[in-house]
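Structure first, commentary second.
The values are calculated or read from the model by the stated rules, or taken from the named source; none is laboratory data. The shown structure was predicted, so the numbers you read here are calculated from the model rather than taken from an experiment. Neighbour counts run over all protein chains shown; Cβ positions are idealised from the backbone, glycine included. Please note that ligands, DNA and RNA were not included when accessible areas were found on the heavy atoms of the full protein model with its side chains. Shrake-Rupley method; radii C 1.70, N 1.55, O 1.52, S 1.80 Å.
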There are 2 protein chains.
Amino acid sequence: MSADVLSAYPASQLAIREVGLRDGLQMTARWPSTPKKLEWVDREAAAGVRYFEVGSFLPADKVPRFADVREVIAGVSRHPGAHGIALALNQRGATDALATGVQEITLVISASEAHNAANVRRTQEQSLAEIANVVRLRDEAGSATIINAGIAMAFGCSLSGAVPEDAVLRMIDRCLEAGVDMVGVADTVGYAGPRQVASLCRRIADRLGPLPYVLHLHDTRGTGIANAAAALDAGCRILDASLAGLGGCPFAPGATGNVVIEDLVFLAETMGFSTGIDLGKLVALRDIPAGEMPGEALFGALAKAGPPRAMSWQAARP
Amino acid sequence: MSADVLSAYPASQLAIREVGLRDGLQMTARWPSTPKKLEWVDREAAAGVRYFEVGSFLPADKVPRFADVREVIAGVSRHPGAHGIALALNQRGATDALATGVQEITLVISASEAHNAANVRRTQEQSLAEIANVVRLRDEAGSATIINAGIAMAFGCSLSGAVPEDAVLRMIDRCLEAGVDMVGVADTVGYAGPRQVASLCRRIADRLGPLPYVLHLHDTRGTGIANAAAALDAGCRILDASLAGLGGCPFAPGATGNVVIEDLVFLAETMGFSTGIDLGKLVALRDIPAGEMPGEALFGALAKAGPPRAMSWQAARP
């Protein structure tokens, strides 16, 4: 059974996915309590966000920040139309994730052989075999969970340097051959510029046709929002971001992290997309990381200035 | 005598202008000492920056932060090929500025009648007459100083809302009729998105042909770098920015300011422009605002992460 990606990500709607509860908490000194994670989901759902990456399936004793992943998945599913996403790093994690009925499982593979080895201690071929096994598990379980292959280092690798577009496209093909329902590409270390993003997005769209793909950008070097704009212009319709830009970069301590979701929503609105997301409610939500994760840097410009006074400021042009 | 804009801004070269010494210091609690301003110019010139907006000609007793504007202009002119820019708000300031031989004087007029009144207590017609008088003064003096009309609120106004593109284009025409050598357009309050920027840039380029124009962006709501990318794609070749994004927004206390010059240089390099600017030296220069302006927020992502380890990371694609 192949999961229905187009139902989960309708072509008519821009999908901005909140990854703060997973990628945003990956490396922080503290993380919100389970009730505060659930409040985060509830309030962000009320603000209009529909997609939540909520945690990783990892041994709870080793990674306590994601020990409550099942509760957060359940918290997302309380909201009609909301879509939960969990990471799994191996078959065992995927089995556990499938048991929850989460809407989507992301498996990570790197476009760079060196980073794949460093990140998951496997060759790319081994990771592809693991992905195929997870798809088989899903099919055997009769599950409708979407299996998504997230391709890390798709715009350059801090270990091996440049990553050719052709290598990313080949990896996309391999993941689809392994049976995944959809793929994503990640600028894991924030190397990309907007022309590079536009170019890869156009080639991916040529390859995939109507099947949407995820773009996971980081703002490590200040290009995150510019890259998102380039992707939107190139037809990308699923973008990851996190509240206050939580997330950081494993290779650059102190660096900025994921694209700031508040700034991304503002950007999209200026570009004519109706995100359906309430910027005021989104900005107010920063009280949760501020309160639960003292000392953690909260990024973002929109939150400091607020939206323009008249949100119809674009209407009169030319 | 009309000043030679094309010599000052060769068509083959992207001009990234450092406005931190003027716009960046406009509202700060403290500002660098004159020796530190001169060190800023010296070190940034050594890093490859050629254009410096250095201050405003205002009564020194009322605006002490710019009392040393003549010394900073002289400091810029010590560097072969460097280009100094000063603001003048009236004929008296312009007369003083012309006496220094500064390469360029910027006069400000607003695309919004309401903001023009609030900012300089004149109607737009009165400001246009003042601009024409300054051009006459320049011509009578036989000066080669470029007169540049900076059009504020060109992408929306915090007082009057939307600003139609046609109104900006009419204001450009009026400024050129008043005799200015070049114009600039400013997103004074950070309302613009990249599609709006691209659209206006294309229309300005259609109007001006080979005559370049300045784009002065603010990052008030996180779109600064995305807007710069859109402008570069639309052929804009003169962009303002400031070290560490110094500058703020007069209508939003605590908001982010000018586009961060370090991030803009990185963006431009990812897009294939050879800026000739050394990112490491630029980042190191942040010690001046950090030391001279304690408590002032320093913005920017590139400075936290550093450039990618291999600056040739883009070379291998596709």
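Could you tell me which residue of the stretch A:299-318 is farthest from the other protein chains (Cβ to nearest Cβ), considering only residues that are at pLDDT below 50 and open to solvent by 50 Å² or more (accessible area, probe 1.4 Å)? Out of the qualifying residues, it is A:Met311.
A:Arg237 meets all of the listed conditions (1) more than 27 Å from A:Ala301 (Cα to Cα); (2) surrounded by fewer than 24 Cβ atoms within 10 Å (Cβ to Cβ); (3) not acidic (Asp, Glu) but one, namely (1). Once the stretch A:1-35 is narrowed to residues that are touching a helix residue (DSSP H, G or I) at 6+ places or on another chain (Cβ under 6 Å) and part of a helix (DSSP H, G or I), the residue that is farthest from A:Gly235 (Cα to Cα) is A:Thr34. Going through (1) on the phi < 0 side of the Ramachandran plot; (2) free of Cβ contacts under 8 Å to residues at least 60 places away in the same chain one by one, A:Leu264 falls short only on (2). Residue count for the stretch A:234-256 satisfying the condition of being under 16 Å from B:Gly306 (Cα atoms) and either touching a Phe, Trp or Tyr at 6+ places or on another chain (Cβ under 7 Å) or among the acidic types (Asp, Glu) (or both): 1.
Is at least one residue of the stretch B:103-117 open to solvent by 50 Å² or more (accessible area, probe 1.4 Å), under 28 Å from B:Asp4 (Cβ atoms) and without any contact (Cβ under 8 Å) to a residue 24 or more places away in the chain? Taking every residue of the stretch B:103-117 in turn, none turns out to be open to solvent by 50 Å² or more (accessible area, probe 1.4 Å), under 28 Å from B:Asp4 (Cβ atoms) and without any contact (Cβ under 8 Å) to a residue 24 or more places away in the chain. How many residues does the stretch A:78-102 contain that are open to solvent by 40 Å² or more (accessible area, probe 1.4 Å), of a type outside the set (Lys, Arg) and over 14 Å from A:Ala144 (Cβ atoms)? Of the residues in that region, 8 qualify.
Please verify whether A:Gly247 is within 17 Å of the chain's Cα centre (by Cα) and open to solvent by 10 Å² or more (accessible area, probe 1.4 Å), treating the condition exactly as stated.
On the way: within 17 Å of the chain's Cα centre (by Cα): yes; open to solvent by 10 Å² or more (accessible area, probe 1.4 Å): yes.
It is true that A:Gly247 is within 17 Å of the chain's Cα centre (by Cα) and open to solvent by 10 Å² or more (accessible area, probe 1.4 Å).
Regarding B:Pro32, is this residue open to solvent by 10 Å² or more (accessible area, probe 1.4 Å) and of a type outside the set (A, V, I, L, M)? Considered against the rule, which asks whether it is open to solvent by 10 Å² or more (accessible area, probe 1.4 Å) and of a type outside the set (A, V, I, L, M), B:Pro32 comes out as no.
Taking the stretch A:128-157 as the range and being within 30 Å of B:Pro308 (Cα to Cα) and of a type outside the set (A, V, I, L, M, F, W, C) as the test, the residues that pass are A:Asn148, A:Gly150, A:Gly156.
Filtered by the rule that a residue be out of contact with any Ser or Thr (no Cβ under 6 Å at 6 or more places or on another chain) and at the interface with chain B (Cβ under 9 Å from one of its Cβ atoms), the stretch A:170-197 gives A:Tyr191, A:Ala192, A:Pro194, A:Arg195, A:Gln196. Would you please name the residue that is farthest from the other protein chains (Cβ to nearest Cβ), looking only at residues in the stretch B:140-166 that are among the hydrophobic types (A, V, I, L, M, F, W, C) and surrounded by fewer than 20 Cβ atoms within 10 Å (Cβ to Cβ)? For the stretch B:140-166, the residue satisfying everything is B:Ala141.
Residues are listed down the side, and each one gets a yes or a no for (1) out of contact with any strand residue (DSSP E or B) (no Cβ under 9 Å at 6 or more places or on another chain); (2) at pLDDT 95 or above:
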residue: A:Met182; (1), (2): no, yes
residue: A:Arg195; (1), (2): yes, yes
residue: A:Ala234; (1), (2): yes, yes
residue: A:Leu243; (1), (2): no, yes
residue: A:Gly254; (1), (2): yes, no
residue: A:Ala268; (1), (2): no, yes
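Comparison of A:Glu269, A:Glu296 shows that the only residue that is open to solvent by 50 Å² or more (accessible area, probe 1.4 Å) and not in a loop (DSSP other than H, G, I, E, B) is A:Glu269. Taken together, the residues in the stretch A:42-77 that are under 22 Å from A:Leu215 (Cα atoms) and open to solvent by 30 Å² or more (accessible area, probe 1.4 Å) amount to 1. The set of residues in the stretch A:231-273 being out of contact with any His (no Cβ under 7 Å at 6 or more places or on another chain), more than 10 Å from chain B (Cβ to nearest Cβ) and of a type in the set (S, T, N, Q) consists of A:Ser242 alone. Does the stretch B:274-283 include one or more residues that are outside any helix (DSSP H, G or I), at pLDDT below 95, more than 7 Å from every other protein chain (Cβ to nearest Cβ) and more than 21 Å from the chain's Cα centre (by Cα)? No, the stretch B:274-283 has no match at all.
Out of the residues in the stretch B:200-224 that are open to solvent by 30 Å² or more (accessible area, probe 1.4 Å) and farther than 13 Å from B:Ala241 by Cα, which is farthest from the other protein chains (Cβ to nearest Cβ)?
So the first thing to find is which residues in the stretch B:200-224 are open to solvent by 30 Å² or more (accessible area, probe 1.4 Å), and the list is B:202-203, B:205-207, B:209-211, B:219.
Those left that are additionally farther than 13 Å from B:Ala241 by Cα: B:202-203, B:205-207, B:209-211.
Working: B:Arg202: 11, B:Arg203: 8, B:Ala205: 15, B:Asp206: 13, B:Arg207: 13, B:Gly209: 20, B:Pro210: 23, B:Leu211: 21 Å.
It comes out as B:Pro210.
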